[in-house]
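*Asks:* Below is a structure I'd like to ask you about.
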Amino acid sequence: MPDLAERLADVDARIAAAVRASGRAPDEVTRIVVTKFHPPELVTRLHALGVRDVGENRQQELTAKRAVLEGTAPLRWHFIGQAQTNKARAVRAAADAVHSVDRARIADALHAADPEGEPLDVLLQVNLTDDPGRGGARPDDVEALGEHLLASCPSLRPRGVMAVAPLEEEPAAAFARLAAASATLRSVVPDATWISAGMTGDFVDAIAAGATHLRIGSAITGPRPDRG
Ligand SMILES: *Cc1c(COP(=O)(O)O)cnc(C)c1O
């Protein structure tokens, strides 16, 4: 079984090839390593390998790992999980970017957590399925949510859109809808150019569809410890 350094190098080579094949520039794409469920030691090893962007999907785990690693392994922490309003203060304190803003209430809570603070980078999560139970705003609601952020949440900086491709569909088709949602958001916030998309199984398609931030876990970390 290849080790962590080999898996990271392999994924980075596949990213570089996909970026070239899409006629895009390498610096347009940021690779975030999703470290959820893995212990802080794994994050330390990733940091030593040059990783600077990591993603977590649970607030308590994010808060704990950041506290452990802040002194020795400074990183940009991306919160990619379902955001709950009662955790907004803790998320804001621990995250450098929140990818999962999908309704006005969570935007309001993140803003209220530190209204005068350093602006927090946020992405609007878009639901690319017809299932309202999945996380994300409906594509039709992206414009209004962007306007809400501008009008009511001055301490949040809308950077773009985020989505998880549905399992039951070709990723390219889903990512095309995300690109459309990105254009909708940019009609309201012209510099909200980030597109957070692409996981272990679909990052090549995501790069072809314009993704700027890849969230790659198991292809780099190996299988996650069994915790959900
Ligand atoms: C876990 C997770 C990922 C990474 O998934 P892999 O398939 O392991 O690459 C990406 N995005 C979100 C929102 C996740 O929860």
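*Asks:* Using alpha-carbon pairs under 8 Å, 6+ residues apart, how would you state the relative contact order of the range 156-228 in percent?
*Replies:* Worked out over the range 156-228, it gives 29 percent.
*Asks:* Relative contact order for the range 4-215: what percent, with Cα pairs under 8 Å and sequence separation of 6 or more?
*Replies:* Once normalised by length, the contact order is 18 percent.
*Asks:* Largest first and in whole Å, what are the equivalent-ellipsoid semi-axes of the range 92-160 based on the Cα gyration tensor, each being the root of 5 times an eigenvalue? Numbers along the way, then the final one.
*Replies:* Numbers: eigenvalues 89, 30, 17 Å².
Here the semi-axes work out to 21, 12, 9 Å.
*Asks:* Each label point is 7 Å from the Cα along the Cα-to-Cβ direction; what then is the distance between the points at L167 and R138, in nm?
*Replies:* 2.5 nm
*Asks:* Can you tell me the Rg and the Dmax, both Å, for the Cα atoms in the range 113-211?
*Replies:* 13.6, 43
*Asks:* A follow-up question, please. What residue among G217, G198, G50 shows peak mean-square fluctuation when the chain is described by a Gaussian network model with Cα springs under 10 Å?
*Replies:* Judging by the Gaussian network model, the answer is G50.
*Asks:* Still on this structure, I have one more. Along the range 14-28, what does the Karplus equation 6.51 cos²θ - 1.76 cosθ + 1.60 (θ = phi - 60°) give for ³J(HN,Hα), rounded to whole Hz, x for Gly and Pro?
*Replies:* Once θ is set to phi - 60°, the couplings for the range 14-28 become 5, 4, 4, 5, 5, 5, 4, 4, 8, x, 9, 8, x, 7, 7 Hz.
*Asks:* Normalise the Cα radius of gyration of the range 4-215 by 2.2 N^0.38 Å (N = residues in it) and let me know the number.
*Replies:* 0.98
*Asks:* Would any residue of the range 130-146 have its amide N under 12 Å from a label point 7 Å out along Cα→Cβ of S152? List them or say none.
*Replies:* 144-146
*Asks:* Could you give me the ³J(HN,Hα) list for the range 100-113, computed from phi with Karplus coefficients 6.51, -1.76, 1.60 and θ = phi - 60°, whole Hz, x at Gly and Pro?
*Replies:* Values, residue by residue: 10, 7, 10, 7, 4, 4, 6, 4, 4, 5, 5, 5, 5, 5 Hz.
*Asks:* Send over a whole-number figure in Å² for the accessible area per residue of the range 4-215, probe 1.4 Å.
*Replies:* Here the per-residue accessible area is 45 Å².
*Asks:* Under 5 Å between amide H atoms, partner at least 5 residues away or on a different chain: which partners does V34 have, H built in plane at 1.01 Å?
*Replies:* G55, I216, G217
*Asks:* What are the equivalent ellipsoid semi-axes of the range 172-228, built from the alpha-carbon gyration tensor (square roots of five times its eigenvalues), in whole angstrom, biggest first?
*Replies:* Three semi-axes, in Å: 26, 12, 9.
*Asks:* Apply the Kirkwood formula to the range 24-149: the hydrodynamic radius equals the inverse of the mean of 1/r over all pairs of different alpha-carbon atoms; give it in Å with one decimal.
*Replies:* Evaluated on the range 24-149, it is 15.4 Å.
*Asks:* Quick one: with all protein chains in place, what share of the accessible area of the range 143-197 is carbon or sulfur, to the nearest percent (1.4 Å probe)?
*Replies:* 58 percent
*Asks:* Which stretch or stretches of the range 89-131 have amide N atoms under 17 Å from the point lying 7 Å from A64's Cα along the Cα→Cβ direction?
*Replies:* The answer is 90-91, 94-95, whose backbone nitrogens lie closer than 17 Å to the label point.
*Asks:* To the nearest 10 Å², what's D131's accessible area with a 1.4 Å probe?
*Replies:* That residue has around 70 Å² of solvent-accessible surface.
The values are calculated or read from the model by the stated rules, or taken from the named source; none is laboratory data. Bear in mind that the values here come from a model prediction, so they are computed numbers and not experimental data. Because the Cβ atoms are built from the backbone with ideal geometry, glycine has one as well, and the counts that use them run over all protein chains shown. Heads up: the accessible areas ignore ligands, DNA and RNA and are worked out on the full protein's heavy atoms, side chains in. Shrake-Rupley method; radii C 1.70, N 1.55, O 1.52, S 1.80 Å.
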